[in-house]
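Below you'll find the structure, written out as structure tokens, and then a few comments.
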Amino acid sequence: MRKKRAMNSRDFLKYAGIGGVMAFSGMPKISWGQKPKEAVLGIVLPMTGPGGTWGQNIWPLLEIIRDEINEAGGIKSLGGAKIRLVLLDSQTKPEVASRQTEKLIDMQVAMILGSGHSASTIVSSQLCEKNEYPNFCPGSLADEITDRGFKWNGALAPKMSWAGRDAVKFALDMGKKTGYMPKKAGILVEDSPFGMRGGEAAKKTAQEAGLEIVDFVSYPAQSTTDFRSFISKFKAAKLEVMFQANYAPDGVMITRQYKELDFNPYGFIGMSGGHYTPEYLDMLKADANYTCCAVSANPDTPIPGSKELQAKYIKKVGKPFDSTAGQWATGLAVAVNVLERTGTVTDRKAIRDAFRTTELKAGEKYVMIVDGVKIDPETGRNMWAQNVMMEILNQDRRTVWPEKYKTVNPVWPMPKWSERK
């Protein structure tokens, strides 16, 4: 089988098609009292680089939803204006995300959704705040995005600190239910705000519960490929659970090296990150089994309309969409809801204010995260955002926690590598 090649910038232009090209075509001029023919939304995503798998999974779902809304008559309050999405690649680099965001501001798009990578969103959101431009990110988790008092930015996904907290709560709950209570844990995270906030929250929650954090390791995702020295220390210390925040490429390498060194804690738990992506499962196959990860929804999480939307995505792409794609589906749903309520593509303050009063139930108009959306008018963060825990079982991502959302029972502790079939 030919190894899948990482997407580069040239591949992206071919992949994005007209969405990438039209970023430079300018905006139509609207006369006073005239309804626009298009509602243009700026999208900044990592289509290449370490986070490229996220963008590549997200974009086809946005295309499906855009086409369905346009075929159903577009934005009614704008006289049936069609949605146009302008996609620009951040390359998983904050400085590139900032330049791409500046292009969208210069284009005068109705609003910006970006940028799908916490470190990039932290930087690009500063630019939007400075320019008083409505921007919110459906999928970036870093706490800083909404903890700086900004008025023109927001976020829909659970905070990364919530993911770290919930990963520890899940491990402790599994310990109580099975008798395999972890007493010593390790943290292994990439060193951007995404990984660090999750790791810091996991450490705090664990220490408050009496779970010892023996080792806290952070690393640069762009350049680290060998984790054996870290893993050897984890194994020697007899750690019983690992809390992780990794992208898909490094998550795959770490798991392979866990197996190579026969490291067998009770569980590997991702605090969001690459463990829930289709690429993680595709690359590891059966070796991905029993990996857990905190997500805002999972392919089997019981959300109204999810099965039907998953079927359309599978027909287009060949596999189910993941948690981050679901967050971005929700983002497009929120953007359309804001445009419908305001009836404008040019009044930035009205758009900003409408976003901060958004309230949508899970399953309503493409909202694909558990418990739905209610934006905190002060911070711009989704107050209803919650995590569920998925576990890969029989090479399928299943929802196993909490009780309210689980579809199968979790496996804890996970079998040792030598015991797996």
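Only the coordinates and a few stated rules stand behind these numbers; no lab work does. Note that the coordinates shown come from a computational prediction; the quantities given were computed from them, not determined experimentally. Methodologically, a virtual Cβ is constructed for each residue, glycine included, from the backbone with ideal geometry; neighbour enumeration extends over all protein chains shown.
Some observations on this one:
- Taking 7 Å steps out from each Cα toward its Cβ at K204 and S218 produces label points 1.4 nm apart.
- Region 189-208 and region 157-176 have Cα centres separated by 11 Å.
- Cα-based helix-to-principal-axis angle, 52-71 vs the chain, degrees rounded to 10: 40
- Multiplying the residue separation of R148 and D67 by 0.36 nm and subtracting their alpha-carbon distance yields 25.6 nm.
- Calculated FRET efficiency for the pair E132/A286, C-beta based, R₀ 35 Å, to 0.05: 0.10
- Whether region 160-242 is rounded, prolate or oblate, judged on the alpha carbon gyration tensor where a/c under 1.5 counts as rounded: oblate
- Nearest-0.05 FRET efficiency for S229 and N394, computed from C-beta distance (R0 45 Å): 0.85
- Remark: region 68-227 is approximated by an ellipsoid whose semi-axes, taken from the C-alpha gyration tensor as √(5λ), come to 37, 19, 14 Å, largest first.
- DSSP beta bridges fully contained in region 66-221 are about 10 percent antiparallel.
- Three-way shape call for region 204-341 based on the alpha-carbon gyration tensor, with the a/c threshold at 1.5: prolate
- Inter-centroid distance (Cα atoms) of region 379-418 relative to region 275-309, Å: 9
- Residues of region 130-152 with amide N under 18 Å of the 7 Å Cα→Cβ point at T357: 134-135, 151-152
- Cα-based helix-to-principal-axis angle, 248-260 vs the chain, degrees rounded to 10: 10
- Unsatisfied cross-links (Cα-Cα over 21 Å) in the set K183/K235; K103/K159; K82/K365; K238/K416; K361/K404: K103/K159
- Among beta bridges that DSSP assigns inside the chain, antiparallel share in %, nearest 5: 25
- Residue list for region 288-324, given a label point 7 angstrom along the Cα-to-Cβ vector of K177 and an amide N cut-off under 14 Å: 292-293
- Here K259, K130, K406, K159 are placed in order of increasing Cβ neighbour count within 10 Å, fewest first, which gives K130, K259, K406, K159.
- Once backbone amide H atoms are built at 1.01 Å from N, A39 has K82, I83, R84 as its partners under 5 Å, excluding neighbours fewer than 5 places away on the same chain.
- Cα gyration tensor category, rounded, prolate or oblate, for region 93-170 with a/c compared to 1.5: prolate
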